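Notes to accompany the following structure.
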Amino acid sequence: MGEPMIRLEDVVKRFSNSRTLAVDHLSLEIQEGETAVLVGPSGCGKTTTMKMINRLEEPTSGKIFVDGSDVMSQDPVQLRRGIGYVIQTIGLMPHRTIAQNIATVPQLLGWEDSRIKDRVAELVEMFELRDELLTRYPGELSGGQRQRVGVARALAADPPVMLMDEPFGAVDPIVRARLQDQFLDIQDRLKKTIVFVTHDIDEAIKMADRIAILNVGGTLEQYDTPKEILRKPANGFVEEFIGSERGLKRLALIKVNEIRVEEGPVVSPEDTVQRALTVMEEFGTSWASVVDGGELLGWVDAGTMHGMTTAGEATPQRFSAYVTAENSLREALDSLITSETQVAAVVWEGQRYRGILNLDQISREILG
Ligand SMILES: Nc1ncnc2c1ncn2[C@@H]1O[C@H](COP(=O)(O)OP(=O)(O)OP(=O)(O)O)[C@@H](O)[C@H]1O
Ligand SMILES: [Mg+2]
């Protein structure tokens, strides 16, 4: 990995009127194109950390680098224009229209009117806002629409770095999930370097490449990928913060194609019954998958094969649980526990047989 896009080096923030530290010797590196999510209880220094990155606050000690240069050596106004910022309360200007709000930074940068107009239109489409909203004022929008405008405004001048302070905080869970999905889609294309603040651990797990878990007093408890944090919380605070269902949350992050799937007992329709019974015996099952030229036909039971000569004479039955490469292990687990067989067939691209998945394999991943 090269030079990180954002680097905090032993940063301390003490407000003059406070005895406790807001941020306590914080070191963090955020790679270009990654989303780092700061989570932690109220007052743990998330907003303060963010504001030090674009110099709305200054560190008491320590250094912060953005794209290789020390923020304290840069002109704060210039610096801020190069960093998109979604503030905690959205903060749209109430007496300016939505179009004017979105155009704030491009206007400050002196873009030509036609370029601004095109950019606003592009963002309106990206965030699925309707054109008719552009001439309205923030007070005439729904909460979810306002939040999208806040994010669109921060992206307007196409800055490489985005700071997003609880950008989807003030909406109901369904709208929030939609905004999250939409933003993940957009980020997939734009590959911004993002610092994202939330106090919702599930939002953090969903949005983050890396999560920084902060504690009251501004101390960093753990900084790692969601999978690693769920696999191995650094301490009791982290464990409590990530809450119940740690194993299930972790399974939701792992795709079936990331694990080794066992082939299981497999026969082809031409195999003799004798051969089929041998295969079942090897695997300690009384059934086998029937696969013809790579295609899964179903499964056959030893008990139905008496008097037959080949496995193909038995009618294959459908597996009651199917999973594909794209399913998460959590989805696989759900289909397993609702099927009678406790075995799911894993298929790629339609019916191409890949193997079988059972509870043992999944629980190994939970512990892994
Ligand atoms: N301007 C200020 N002057 C004095 N203390 C401040 C100031 N701004 C923040 N603080 C204090 O610094 C600490 C961290 O505040 P900060 O806003 O960074 O928390 P936060 O993690 O963003 O919390 P929340 O989840 O509630 O938004 C708090 O104890 C807060 O009271
Ligand atoms: Mg805050």
**Message:** Here is a check on your reading of the model: is Gln88 within 12 Å of ligand 2 (Cβ to nearest atom) and closer than 30 Å to Glu132 by Cβ?
**Reply:** yes
**Item:** Given (1) modelled with pLDDT under 95; (2) at negative phi, index of the condition Lys13 fails
**Value:** (1)
**Message:** Checking the structure you have, find out if any residue of the range 101-112 is more than 30 Å from Arg7 (Cβ to Cβ), among the polar types (S, T, N, Q), away from ligand 1 (no atom under 16 Å from the Cβ) and outside any helix (DSSP H, G or I).
**Reply:** no
**Item:** strands (runs of 3 or more DSSP E) wholly inside the range 150-221 containing at least 3 residues that are in contact with a helix residue (DSSP H, G or I) (Cβ under 8 Å, 6 or more places away or on another chain) and closer than 20 Å to Ile90 by Cβ
**Value:** 161-165, 193-197
**Message:** Of the conditions (1) in contact with a helix residue (DSSP H, G or I) (Cβ under 8 Å, 6 or more places away or on another chain); (2) under 25 Å from Leu129 (Cβ atoms); (3) away from ligand 2 (no atom under 16 Å from the Cβ); (4) in contact (Cβ under 8 Å) with a residue 40 or more places away in the chain, Ala99 satisfies every one except a single condition; which number is it?
**Reply:** (4)
**Prompt:** Name the strands (runs of 3 or more DSSP E) wholly within the range 253-368 that hold at least 1 residues that are under 26 Å from the mean Cα position of the chain (by Cα) and either over 28 Å from Glu228 (Cβ atoms) or hydrophobic (A, V, I, L, M, F, W, C) (or both)?
**Reply:** 322-324, 343-348, 352-358
**Request:** Would you check if there is a residue in the range 196-206 being in contact (Cβ under 8 Å) with a residue 60 or more places away in the chain and away from ligand 1 (no atom under 16 Å from the Cβ)?
**Result:** no
**Item:** Leading residue by the ranking (surrounded by the most Cβ atoms within 10 Å (Cβ to Cβ)) among those in the range 280-297 that are in contact (Cβ under 8 Å) with a residue 24 or more places away in the chain and β-branched (Val, Ile, Thr)
**Value:** Val290
**Asked** What about Glu262, is it closer than 30 Å to Asp202 by Cβ and modelled with pLDDT under 95?
**Response** no
**Prompt:** Within the range 45-81, can you find the residues that are within 16 Å of ligand 2 (Cβ to nearest atom), out of contact with any Gly (no Cβ under 8 Å at 6 or more places or on another chain), over 21 Å from Ala157 (Cα atoms) and of a type in the set (D, E, K, R)?
**Reply:** Glu57
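Okay, residues lined up against (1) within 16 Å of ligand 1 (Cβ to nearest atom); (2) within 30 Å of Ile213 (Cα to Cα); (3) in a loop (DSSP other than H, G, I, E, B); (4) of a type in the set (D, E, K, R):
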site: Ser18; (1), (2), (3), (4): yes, yes, yes, no
site: Val37; (1), (2), (3), (4): yes, yes, no, no
site: Met50; (1), (2), (3), (4): yes, yes, no, no
site: Glu58; (1), (2), (3), (4): yes, yes, yes, yes
site: Leu79; (1), (2), (3), (4): no, yes, no, no
site: Val86; (1), (2), (3), (4): yes, yes, no, no
site: Ser114; (1), (2), (3), (4): no, no, no, no
**Prompt:** Looking only at the range 228-238, which residues are surrounded by 15 or more Cβ atoms within 10 Å (Cβ to Cβ) and not in a loop (DSSP other than H, G, I, E, B)?
**Reply:** Glu228, Ile229, Leu230, Arg231, Phe237, Val238
**Request:** Select from the range 2-23 the residues that are more than 16 Å from ligand 2 (Cβ to nearest atom) and of a type in the set (D, E, K, R) and list them in ascending order.
**Result:** Glu3, Arg7, Glu9, Asp10, Arg14, Arg19
**Prompt:** So Ser42 clears everything in (1) in a loop (DSSP other than H, G, I, E, B); (2) within 16 Å of ligand 2 (Cβ to nearest atom); (3) free of Cβ contacts under 8 Å to residues at least 12 places away in the same chain except one condition, right? Which one?
**Reply:** (3)
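The values are calculated or read from the model by the stated rules, or taken from the named source; none is laboratory data. Computed from a predicted model, the values in this text were never measured in an experiment. We place every Cβ from the backbone using ideal geometry, glycine too, and count neighbours over all the protein chains shown.
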